[in-house]
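Each value in this text was obtained by applying a stated rule to the coordinates, not by laboratory testing. Treat the numbers as computed from the prediction; the structure is a model and nothing was measured. Cβ coordinates were reconstructed from backbone atoms using ideal geometry, including for glycine residues, and neighbour counts include every protein chain displayed.
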Amino acid sequence: MEKVAIVGFDFLCVLCVFVVKVFSLWVNELRNILHVDMDAFFVSVEEVLDPSLRGKPVIVGGDPNGRGVVAAASYAARKYGIHSAMPLGRARRLCPSSIFLRGSHRRYAEFSRRIFDVLRSYSPLVEPMSLDEAFVDLSGCLRLHGPLQDTAQQIRDSIREQVGINASIGIASNKLVAKVASAGVKPNGMLWIVPGMERRFLAPLGVERIPGIGPKSAAELKRMGVRTVAQLADLPLEWLEQAYGKWGTALYFKARGVCERLVVAEEEDSRSISRETTLEEDSFDPQFLESILSYLVEKSAGQLRGENLYTRSVTLKLRYSDFKTVTRCHTLRESTDDDGIVFHAVSSLFRKLFTRRTRVRLIGVSLSSLSRSRFQQSDLFAPAEPERRDRLFRGIDHIRGKYGFHSILKAGSIFNEDDK
């Protein structure tokens, strides 16, 4: 009996060690996903550059007498009901004391680069979602940086100390729940959803809190009596699939806090550079519209050169007075940072797309397929003076850097003082 008892005890010890090892491996294999979102990013950048703006109702978007929309509003301005995409005129009526700023995409891009430098110092798996938002996968990095919550706090502190901006962070085992968590603790908060608690965390929230459920979808669900995520989770998969198809299947899993999408590290240059402007008055004057295009191209190409990038894909965007929006894209023979080449491509698209029958409300240019080096096809008849061209643009960019962008412009780009 004693021998049997000893053998049994040894077996239990081995079993316990095995269970502990399996549990440790399971814990280490859990995904630790952060959703890092800057608080009122554009406004926060302006406050760093001008601390006197702190605590005041600040709106980034342009001239309140114009026809643009709010790009960002400080939390002081949001107390008046002002939000992104609201017409600037309405924002001014809600809060006449608001401070309106035009903003600068170049400055915002520079601050964004500094923020992403901080994030990439903690993990190689950083997936940008916009200039001010990213997913960070810390799975496998905790032995290097320490406990999960401490590391997330270190990231927040580093961004605040190095960039001067507050970040809200949601922590979870998947991207869906992390994103919902960060939105729930804005501004300047942090929330960790313990693995296994995903569905319980989402259950009491309104269905509109689920990413992908917009105002129209939320209103439709509420008409059917589905107001909370818990009520959405009670709907059978078959019913959701019959009503919404593949989107119904996605809703079924989202309502349960299930998300298998991995954090995918994207190259910094996978983004695009774009400029667009809403006209003070709708226009069908082609000369005027092409002058705006020329200006927008000069701004975009200047940013390309400032970041040592080249583009190979050019997109034109037009929005007509009836709010119909159309886009056309052209792929260049080789990558370039030359605004003359870009303008030739985009103006060709404009002439093919533009119709005098409908006035244009908004016009924009986007440069994509960005790279750090030129893609060139061999051409026996190509110009033999690329160095001269580069020196010319370096001179132009130097003058603009010293005296402002408007200090030197092509004649075709002079139409107003819009600096979007």
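Using unit Cβ charges (K, R positive; D, E negative) and no other charged atoms, how large, in debye to the nearest 20, is the dipole of region 29-194 about its Cα centre?
Values: 21 positive and 16 negative charges, 132 e Å.
The dipole magnitude comes to about 640 debye.
Quick one: which of Lys246/Lys324; Lys216/Lys317; Lys324/Lys352 span more than 19 angstrom between C-alpha atoms? Before the final figure, lay out each step's value.
On the way: Lys246/Lys324 28 Å; Lys216/Lys317 25 Å; Lys324/Lys352 17 Å.
Flagged as over cut-off: Lys246/Lys324; Lys216/Lys317.
Report the number of Lys pairs in region 29-194 whose alpha-carbons are under 21 Å apart, with separation of 8 or more residues or on distinct chains. Provide the component values of the computation, followed by the final result.
Details: Lys56/Lys79; Lys56/Lys186; Lys79/Lys186; Lys175/Lys186.
Within region 29-194, the lysine pair count is 4.
List the chymotrypsin sites (Phe, Trp or Tyr not before Pro) within region 242-336 that DSSP assigns to loop and that have no more than 14 neighbouring Cβ atoms inside 10 Å.
The qualifying sites are Phe323.
Tell me, in nm to one decimal, what length is gained between Arg107 and Val48 on full extension, where the rule is 0.36 nm per residue of separation less the Cα-Cα distance? All intermediate terms of the calculation are to be shown ahead of the outcome.
Details: separation 59, 0.36 × 59 = 21.24 nm, distance 1.12 nm.
Using 0.36 nm per residue and subtracting the Cα-Cα distance, I get 20.1 nm.
If you stretched the chain out fully between Ala219 and Asp282, how much longer would it get, using 0.36 nm times the residue separation minus the C-alpha to C-alpha distance? Don't jump to the answer; show the numbers that get you there.
On the way: separation 63, 0.36 × 63 = 22.68 nm, distance 3.28 nm.
So the extension gain works out to 19.4 nm.
Taking 0.36 nm per intervening residue step and subtracting the Cα-Cα distance, what contour gain separates Lys79 from Glu334 on full extension?
On the way: separation 255, 0.36 × 255 = 91.80 nm, distance 4.94 nm.
So the chain would gain 86.9 nm between Lys79 and Glu334.
Scan region 273-348 for trypsin sites (Lys or Arg not before Pro) in coil per DSSP, keeping those whose Cβ has at most 15 other Cβ atoms within 10 Å, and list them by number. Mind dumping the intermediate values first?
Details: sites: Arg275, Lys299, Arg305, Arg312, Lys317, Arg319, Lys324, Arg328, Arg333; in loops: Lys324.
When the trypsin sites (Lys or Arg not before Pro) of region 273-348 are filtered for loop state and at most 15 Cβ neighbours within 10 Å, Lys324 remain.
Counting other beta carbons within 10 Å of each residue's own, what order do His145, His35, His83 fall into, fewest first? Write down the numbers at each step before the final one.
Working: His145 16, His35 26, His83 12.
Starting with the residue having the fewest Cβ neighbours, the order is His83, His145, His35.
Please report the Cα spread of region 258-376 along all three principal axes, rounded to whole Å, starting with the longest.
45, 44, 23
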